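A short worksheet on the structure shown next.
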Amino acid sequence: MNENKKTWSLNYGGREVTIETGRLAKQADGSVLVSCEGTQVLVTVCSARTVKDGQDFFPLLVEYTEKFYSAGKFLGGFRKREGRPTDQETLNARLIDRPLRPLFPEGYMFDTVVSCTVLSYGPNGDPEVLAGLGASAALTISDIPFAGPIGTCKVGRVNGEFVLNPSHEQWEESDLEIAVAASKDAILMVEGEAEIVPEDQVLAAIWFAHDNIKEYVSLLEKVREEVGKTKREFVSAAANETMVSKITADFAGDARACISTVDKMERQAATRALEAKVKEAMAADPAAFGLSEDASFGKEAYKGVDELMYNMMRADILNEEKRIGGRKMNEVRQIETETSILQTPHGSSLFTRGETQVMAAVTIGGKSGEQMSDRIVGINYDKFYLHYNFPPYSVGEARGVRGVGRRELGHGNLAERGVKAVMPEEFPYTTRVVCEVLESNGSSSMGSVCSASMALMDAGVPLKAPVAGIAMGLITEGDRFKVLTDILGDEDHLGDMDFKVAGTTEGVTAIQMDIKITGLTREIVETAMKQAQEGRLHILGEMAKTISSERAEFKDGVPRIETTKIPTDKIGALIGPGGKNIKQVQEDFGVTMEVEEDGTVKVLGTDSQVLKDCVNFIALQINGPEVGSIYDAKVVTLKEYGAFVDIVPGVSGLVHVSEIADDRVNDVAQYVSEGDTVKVKVIEVDRMGRLKLSCKAVEPLKKKDS
């Protein structure tokens, strides 16, 4: 019996969640095991005691790892051990990271790692939620400075009722999925998707989540009182007031000129020139800026200019509602849209909003294009997926592309969620969208939603409705706040919130909210949601000027699918021994065929008539010809009493001499030869399945010239 082990329990949305500490991973700064209905997640936190030389940002790393043994499963593939994180593990690590980050003290630069490991998995306990709960708990009881506790949860809506942390079965019935992190007093992070759900219902889901989270936060406060360590001393470095006031006094005019420059690249160049000017002044008289002779003047100039412009832009917005470029608080930048800009891809578009530009390309195909993911919850096949690329040239940086980073995965996932809800239910194709960010100044993920929507319509995909997205910002000071529509990169940097909403004219399809302060009041969230709706409707109107519904036909060269269904006991006959028959059919018609377990047969090709002919051919092979139907048949063998013909390979019948011509036929060879194609009508199928065919019932044959 471990005497140090302590446990606490809470009924969290109808399921018991247990927090345990004192038994596992005791050398970590904080360690908890969070359990719920068979799922157990170990969360540890460690923070370094020394800072690396020159460290100028908070190096927080959140890891989320699903061990396959937790579900009693082997991994797929050749290596039977866990390797680099999957996309979903990375996305969930980001979900845990985002609400934690603003709760560390300003200036905290110590390497900090939060490690979440799924040790046991039961389908009714969501490991992603438990990992978030555990991260807050481990930090709360550790000696690491942290302004928690906080709580996390997911909300679904089943039959109009909100459900906290639904089971897998419940998720199948839910029309929204919202993940929320919050403190006792305020919302910290929101991310989710919905099936075109009105704004007020999305807000209600967020408030439902917050009300439940408050109970978990209260439990953690009790845990902290009982086992929490004394927080290690950390005092945020006091701002260099001398430097700030000196730069403000001497360079406010230069900063104002920078802020007044509308073009992003020109503004950045002006800002760099100002930093160089300040650096020169610092080097000439360090003491006047409150600096020593050996200070890094370049770094100090960058920080000082950034602080000056930060304060100036925030004051402009709060006091005068004045933004870069003179835009109003709720004004969207100029929008330009085009479709079919690429010649070969199945659909394409270009969406430009101010200095943000995204090109989308759509690929349509069959089952072989599905995206497989292997996780502890099971293997999943996605028929629709979106990939997002953010090359360095999009922001004018001279760097090579080094693979897909966590940020790109997160932005691509948000854009995919925004579009997924409007994909048609009965659409037999696999669809891939790739969004290439060509320019960026303000939300490229929401630009990707707009561009993807247009490219899909350009490809002929029958979307339920066009979808668009917009990013909102926030400036607060005390009780005062201003919400900004369609934020620039600089406004994102100086603001207190990044709030993105995607949706149709009828409702929300995706939402993401990150808060850089200690939380948001409900009034602010409601205001931002309303302003986002207005902005989204404006963007949808601009997009509709170029394209508002899918094209009537796929473009030439785009694969088309014809579907038929055969009895399951006939699947073997269609495939044939060793796949011989299906290979021959595909070769003869120049198509690709997919056969599913329920007997659904999909035929892929680019020629609609060939696809129809192939489907008819399959029906003939499997079901046999129908009495009264007319077919083109190939003459195979001649006999004294008639001709044997193939309607399709494997489906043969006899045209008796009496059914060849109107006059008496003495020699069949005088009317047909082997290899000829003739039209025949099915006049009878006997009990043995033998076909009696007639040429004269369609068009009597004429005697050949001798």
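All of the numbers you see were taken from the coordinates with simple rules; none came from a lab. Model, not experiment: these values are computed from the prediction. No Cβ is skipped: glycine too gets one built from the backbone with ideal geometry, and neighbour counts run over all protein chains shown.
Looking at the stretch 642-706, which GluC sites (Glu not before Pro) are DSSP coil and have at most 16 other C-beta atoms within 10 Å of their C-beta?
Details: sites: Glu659, Glu674, Glu684; in loops: Glu674.
Taking the stretch 642-706 and a limit of 16 other Cβ atoms within 10 Å, the loop GluC sites (Glu not before Pro) found are Glu674.
For the stretch 70-107, which trypsin sites (Lys or Arg not before Pro) are both in a DSSP coil and crowded by at most 14 other Cβ atoms within 10 Å? Walk me through the numbers on the way to the answer.
Working: sites: Lys73, Arg79, Lys80, Arg81, Arg94; in loops: Lys73, Arg79, Lys80, Arg81.
Sites meeting the loop and neighbour criteria: Arg79, Lys80, Arg81.
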(Q) Restricting to DSSP loop positions (anything but H, G, I, E, B) with no more than 11 other Cβ atoms inside 10 Å of their own Cβ, which GluC sites (Glu not before Pro) remain in the stretch 223-254? (A) Glu233
Q.
Relative contact order of the chain, please, whole-number percent, based on alpha carbon pairs below 8 angstrom and at least 6 residues apart.
A. 9
Q: Compute the long axis of helix 444-458 from its Cα atoms, compare it with the longest principal axis of the Cα atoms of the chain, and write down the angle in degrees, 0 to 90, nearest 10.
A: 20
Q) Per q in 0.09 1/Å, what log10 I(q)/I(0) does a Debye calculation on the alpha-carbon atoms of the chain return? A) -0.89
Q. Roughly how big is the chain's charge dipole about its Cα centre, with Cβ charges of +1 (Lys, Arg) and -1 (Asp, Glu), in debye to the nearest 20?
A. 1180
Q) Relative to the longest principal axis of the chain, what angle (0 to 90°, nearest 10) does the C-alpha long axis of helix 264-284 take? A) 30
Q) Cα to Cα, under 19 Å, and not fewer than 8 places away if on the same chain: which lysines meet these conditions relative to Lys229? A) Lys5, Lys6, Lys26
Q: Please give the helix 608-623 orientation as an angle from the longest Cα principal axis of the chain, in degrees from 0 to 90, rounded to the nearest 10.
A: 60
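Based on DSSP, what percent of beta bridges with both residues in the chain are antiparallel, to the nearest 5? Before the final figure, lay out the partial values.
Working: 124 of 140 bridges.
Taking every DSSP beta bridge within the chain, about 90 percent pair in antiparallel fashion.
Excluding Lys516 itself, what net charge comes from residues whose Cβ is under 9 Å from its Cβ, given Lys and Arg +1 and Asp and Glu -1? Before the final figure, lay out each step's value.
Details: positive: Arg101; negative: Asp496, Asp498, Asp514.
Once all neighbours under 9 Å are counted, the net charge is -2.
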Q) To the nearest 20 debye, what charge dipole does the stretch 6-227 have about its Cα centre, counting +1 at the Cβ of each Lys and Arg and -1 at the Cβ of each Asp and Glu? A) 1060
Q.
Once you place label points 7 Å from the Cα toward the Cβ at Lys5 and Thr518, how far apart are they in nm?
A. 3.7
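Could you tell me the relative contact order of the stretch 557-663? Use alpha-carbon pairs under 8 Å, at least six residues apart, and round to a whole percent. If you can, show how the numbers build up before the last one.
Values: 137 pairs, mean separation 23.1, N = 107.
So the answer I get is 22 percent.
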Q | Percent breakdown of C-alpha pair distances by 10 Å bin, ordered from the shortest bin, for the stretch 112-154 | A | 26, 51, 20, 2
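Going highest first, how would you order 407-417, 105-115 by mean Cβ packing within 10 Å? Please report the intermediate quantities before stating the final value.
Values: 407-417: 21.9, 105-115: 17.3.
With the highest mean Cβ count within 10 Å placed first, the list reads 407-417, 105-115.
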Q. Per the helix-only calculation at 222 nm, which mean residue ellipticity applies to the chain, given -39500 (n - 2.57) for every DSSP H run of n ≥ 4 and division by its residues, nearest 500 deg cm²/dmol?
A. -10000 deg cm²/dmol
(Q) Checking the cross-link filter: which aspartates and glutamates have an alpha carbon closer than 13 Å to that of Lys322, excluding same-chain neighbours under 8 positions apart? (A) Glu331, Glu491
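In square nanometres and to one decimal, what's the mean projected area of the convex hull around the Cα atoms of the stretch 6-227?
Values: hull surface 54.1 nm².
Its average projected convex-hull area is 13.5 nm².
Quick check on packing: order 43-55, 347-359 by the mean number of other C-beta atoms within 10 Å, highest mean leading.
Sorting 43-55, 347-359 by mean packing, highest first, produces 347-359, 43-55.
Which whole-number value in Å³ per residue fits the convex hull of the alpha carbons of the stretch 560-623?
On the way: hull volume 4.3 nm³, N = 64.
Per residue, the Cα convex hull of the stretch 560-623 comes to 67 Å³.
Need one number: % antiparallel among DSSP beta bridges in the stretch 6-227, to the nearest 5. Can you show the working numbers first?
Details: 42 of 49 bridges.
Beta bridges within the stretch 6-227, antiparallel portion: roughly 85 percent.
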Q. Could you name the lysines in cross-link range of Lys154, using Cα to Cα under 16 Å and dropping any fewer than eight places away on the same chain?
A. Lys214
**Q.** Order of Tyr641, Tyr302 under a 10 Å beta carbon neighbour criterion, fewest first
**A.** Tyr641, Tyr302
Q: Would you count, across the stretch 468-617, every pair of lysines whose alpha carbons are under 19 angstrom apart, provided the pair is eight or more residues apart or spans two chains?
A: 16
